Structures are given as C-alpha cells and as structure tokens.
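Take a look at the structure below.
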Amino acid sequence: MTGLSKFTLRNGINLFVHPTDKFKTILVQLVLHRHLSEADATACSLLPSVLQRGCGMYPTRRELAYKLEELYGSELMTDVVKKGERQLVSFTLDTVDDRYLPAEGNLLRKGLGIMKEVLTDPVLDGNGFKNEYVVQEKEQHERVIRGLINDKVAYSLERCLNEMCKNEPFGVFKYGSLEKLQEINPENLYGFYRRFLAESPADLYVIGGIEPNEVLSLAEETFDFPRASTAFIPDTIIRNGAGEVRYVHEELDVNQGKLVLGFRTGITYGDDDYFPLLVYNGILGGFPHSKLFQNVREKASLAYYVYSRLEKHKGLMVIAAGIEVDQYGQALEIISQQVENMAKNDFSAEEFENTVRGLRNQLLVEEDNPGLLVNRALDDTLAGRNEDTQSLLSRLAAVTREDVAKVAEKVHLDTVYFLTNKGGGQDE
C-alpha cells in the first residue's frame, strides 16, 4: 500500500506509518509472525489471552480495563489469524487522536506504553505465568476448540481445508488442538513466550493523523525491549492441483448437510493473475448476482446458502453450500456445471460488469476503515505488493473476459467434503 513510510527499529521490528486525516482515532497494530505448525499453534493462540489478563503495572483485567477507559475509552485487543502458512498474533490499540483532545495530549504515548507493558511485563508466579490465569484461559481455549464443532458452517470449512492440506502446514487449525493444550503449563508457556517475543518477525502498523518521524521516535522509545535474530519462516507451499479428486464424507448429528469443495488455483495475491481470479471468483460465487447463488439457491432451491471465496496467500478457492442431505448429488452436479461454464467463458456481460462494480466498491469501502487498511497493508507486506487504492482499481479495470477465462483453466478441484447426518448415504 503506497503512502506508507517504512522504518526498521533498532531491535528489528518493522514500522509502517500511514499518515491520514480521515480518521479521528489512531490505530496501532503490532503483528508477530510464526510459521504455522502443530507444535506451536496451540501455545501461540493461547498466549495473547494470558497476556491480556494483566501486567506488572496493572495486574488484573479490571485494572487494565480501568486504565484504558481513563484514556478516553482506548481499546487494546488481540487476535490470531492464519494467512497462508503463517500464524499471526496481533495486538491492536485504538485511541483518540490527540488533535481532538488538545487539553489532554500524549494519548498515543500513554496507549503505546500500556501495550508495551502487556507485551513485555506479564504477571508471573515463580518460573512461569500466574497459574490462575493460565488455568482459566486454557479452559476458555478448550471451549473455543470444542466449540468449532457446534458451528457446522465453520467446522465443515475447516475440515475440508484440513483434508485438502493434511500434509501441509496450512492444514493446522489456527487455535491448535486439545492434545497440545493439555501439555501446556505456566512454565512451558512462559518459555514459549520468551522465544515468541525474542525471535518472531514483527511488523508495527500505525495509521492516523500522525507524522512518520514522530512515530518513529516514539516507537523506538516505547518498543525498546531486546530481541534476538528473527526466526526464518518458510514460504507458503503453493500447489497447482489437477490430481485425483478426493471425496470425504463425515457423519454427525446435523439437520442440514454442509457441502464444501476445495480447489487449487496456484494463484496468490502477489501474482498478476490474482485480479482476473478475483473477478472469476466474484462471478462464480462472490455476490448475490453470482452464478452459484442464482443457479443453486434461487433457481434450483437447493441451498440455504452458497458462495465461493479465495484464500489469497495459499492459492486456494472454496465453494460452500448448506443443502438437504438427500440433495448432495444434484447440488454437486449444478455447482460443477457452474465451474465448467466459467472455464468455457460462459458468463454474461452483465455478470462481468456487476462483479467488477462490486469489487470496486469493496476496495473503496476499505478506504474508510483503518482496520481494513491495516489488513491490506499486511497482505501487501506478505505478498511483496506496494499499491494504493487507485492502482488496485486500475488493475481491476484492466481485467478482460479473456483474462477470466484464462485463470479459469488453472482452477482445479482437489477435495469434496460433505458433512451429513448419521446414516446418510450419498452417491459420488
């Protein structure tokens, strides 16, 4: 994303500053990168919850919340996401721009100070984290992992990707596993935390009405903790597919079947073909006017929901549909026909134009949301891009029907996953 000033702090943290007067708040996001792995995923996703319980200066969640509230309702949030084969842990501070509270001043400095305290001065007990905090957060984390199976839409998507990428890091669930969770205790989690903070590649994004060199000075002053050499993170494995299609049926107590088709595209966000693929996906299943929605849900009345979406850093596309369990064959046939039609360049000018218009609107909406802008900047960092909204709109406008048909030839079905009720048998 252009408009970003990039610096590197003395301890190796990359700093990206995007000055803009569009917002009344300043958003700061520190992102730490880990290679997605079964060994680390559980501890990595549990860690931010434990850190948020308190720090040396504010040792309870309540005291920390009170302090943030004193800073005119500033918020400090954490999140764990998976982008390609990276597990990303983010710490996000959202605080009012000092310009709108001239009598207060230094809100950004104070907010960053709290973020640093939470990150670097956790509440300890002996050689590990406070036992009470770890026990309670493990219980909550277990509920999150077990809760996946209660959300059948999310569960079916996760299971399809797990089967599709079972021999690749991408197949690891971003919250880890119950088995690894049981092995975690205050001491070994603290040991992991020390490695995590010292060696994880880190990016710090700041967006708002700020001056880049002032932010650099403040960041150097605040994030002055020592770090080791950053750990190497391998490139995400990208495969083109075109092998034998795998069919996976799973039985659970469900009233509605969940059909998920996983495709390999071999095209990622860093590739020039990504924008034709974006249009392809939009025509196929990204909007209410798309082929899947119109043909599977509206005309055939086969699906409660149906859509397609891309995983931009892994080169994957999934089609997901909620259907009656006895309509598996018919639904699979109609979905497959829409994919085949895309490969034949069989889509209307209206479908093409509506999709480009819809994607254009999505890019423009991002301009009004600092969180979405930071996410785009992070995607750009991972993919080696550096383009502003106008450049992205130009790329989108340059896509032709022929470009869409060309990328359609690269989309190959890899895995068909069907979650059905117990005793439900479907023909393949």
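Listed here are the residues, each with its yes/no results for (1) among the β-branched types (Val, Ile, Thr); (2) within 18 Å of the chain's Cα centre (by Cα).
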site	(1), (2)
Leu157	no, yes
Cys160	no, yes
Met164	no, no
Lys174	no, yes
Leu178	no, no
Ile184	yes, no
Leu189	no, no
Leu197	no, no
Pro201	no, yes
Quiz item: Do we have any residue at all in segment 298-306 that's more than 20 Å from Arg264 (Cβ to Cβ) and part of a helix (DSSP H, G or I)?
Solution: yes
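Within segment 73-96, which residues are assigned to a strand (DSSP E or B), over 16 Å from Pro370 (Cβ atoms) and charged (D, E, K, R)?
Here is the first cut: in segment 73-96, the residues assigned to a strand (DSSP E or B) are 75-83, 86-96.
Within this subset, residues satisfying the condition of being over 16 Å from Pro370 (Cβ atoms) are 78, 80-83, 86-89.
Result: Lys82, Lys83, Arg86.
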Practice problem: Name every residue in segment 74-106 that is more than 26 Å from the chain's Cα centre (by Cα) and closer than 21 Å to Val206 by Cα, in order of residue number. | Solution: Asp97, Asp98, Arg99, Tyr100, Leu101, Pro102, Glu104, Gly105, Asn106
Quiz item: Which one is nearest to Leu27 (Cα to Cα), of the residues in segment 120-133 that are touching a Phe, Trp or Tyr at 6+ places or on another chain (Cβ under 9 Å) and either surrounded by 20 or more Cβ atoms within 10 Å (Cβ to Cβ) or not assigned by TED's automatic domain parsing to the domain that holds Thr92 (or both)?
Solution: Pro122
Quiz item: Tell me, which residue of segment 32-65 that is part of a loop (DSSP other than H, G, I, E, B) and of a type in the set (Ser, Thr, Tyr) is surrounded by the most Cβ atoms within 10 Å (Cβ to Cβ)?
Solution: Tyr58
Practice problem: Mind counting the residues in segment 134-144 that are surrounded by fewer than 19 Cβ atoms within 10 Å (Cβ to Cβ) and acidic (Asp, Glu)? | Solution: 2
Quiz item: In segment 252-265, how many are at pLDDT 95 or above and touching a Lys or Arg at 6+ places or on another chain (Cβ under 8 Å)?
Solution: 4
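Can you tell which of Asp326, Asp346 is more than 22 Å from Val31 (Cβ to Cβ) and part of a loop (DSSP other than H, G, I, E, B)? Give the derivation first.
Working: Asp326 fails: part of a loop (DSSP other than H, G, I, E, B).
Among Asp326, Asp346, only Asp346 is more than 22 Å from Val31 (Cβ to Cβ) and part of a loop (DSSP other than H, G, I, E, B).
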Exercise. Among the candidates Ile237, Ile233, Ile210, Ile267, single out the residue that is closer than 30 Å to Asn106 by Cα, in a loop (DSSP other than H, G, I, E, B) and not acidic (Asp, Glu).
Key: Ile210
Quiz item: Just for segment 166-190: of the residues that are free of Cβ contacts under 8 Å to residues at least 40 places away in the same chain and not acidic (Asp, Glu), which one is farthest from Ile237 (Cα to Cα)?
Solution: Gln182
Quiz item: Going by the structure shown, is Ile233 touching a Phe, Trp or Tyr at 6+ places or on another chain (Cβ under 7 Å), of a type in the set (Val, Ile, Thr) and surrounded by 16 or more Cβ atoms within 10 Å (Cβ to Cβ)?
Solution: no
Quiz item: Among the residues of segment 304-317, how many are in contact with a Leu (Cβ under 8 Å, 6 or more places away or on another chain) and buried (at least 23 other Cβ atoms within 10 Å of the Cβ)?
Solution: 4
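The values are calculated or read from the model by the stated rules, or taken from the named source; none is laboratory data. As the structure is a computational prediction, the values presented were derived from the model and not from experiment. Neighbour counts run over all protein chains shown; Cβ positions are idealised from the backbone, glycine included.
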